[in-house]
1. Hey, does the range 98-107 have a residue that's loosely packed, with under 10 Cβ neighbours inside 10 Å, outside any helix (DSSP H, G or I) and β-branched (Val, Ile, Thr)?
2. Of all residues in the range 57-88, which are β-branched (Val, Ile, Thr) and under 13 Å from residue 27 (Cβ atoms)?
3. In this structure, does residue 40 turn out to be modelled with pLDDT of 80 or more and either hydrophobic (A, V, I, L, M, F, W, C) or under 30 Å from residue 25 (Cβ atoms) (or both)?
Amino acid sequence: MNRPIPASWATVPTEEERYRPLYARALGLRFVNPGGVLCFLFFEGSVALAVLLALAELVTWWAVLILPAAVAAMVKLNDMVAAAVVRTAALVPEQERDRFRRQMEPVIGRAQVRGIGAYAVPEARGLAGRARADGSEP
């Protein structure tokens with residue numbers, strides 16, 4: 001069940017791996033590709049939040065170590081879930097993928113509206129017995 005994932009499924013080519021942020025490289029992220037700002041928010045933001053909570057004496061100082069580790073674990077878990085989704089999507093036959101794409105295509109067109117008045121199409125609304133606003137029968 002634990003087959004190796006082909007490198008072509010990963011979102012980051014191997015030649016661009018060295019330009020990725022250190023946070024993403026340290027976690028070994030293959031499918032989630034956070035940018036520099038997001039990596040900054042994940043690590044330094046969680047450290048800053050933990051320090052603020054510790055200074056307010058809402059948590060112990062161990063939270064400065066535990067909170068960034070918990071955020072990193074959640075990011076890695078998200079990457080593993082994305083890998084599972086890609087793996088199962090690759091198992092779907094091409095015919096099913098085409099059928100799904102056809103069903104999900106947006107429909108663009110124009111609707112025909114018959115009649116003019118307060119009730120343009122009274123039959124569609126179940127208002128066939130009512131008179132229009134100008135007094136004429138539908």
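The values are calculated or read from the model by the stated rules, or taken from the named source; none is laboratory data. Every value quoted in this text rests on a predicted model; they were computed, and no experiment measured them. Every residue, glycine as well, gets a Cβ built from its backbone with ideal geometry; the counts of neighbours run over all protein chains shown.
1. yes
2. 71, 75
3. Yes; evaluated as a whole, the condition is true for this residue.
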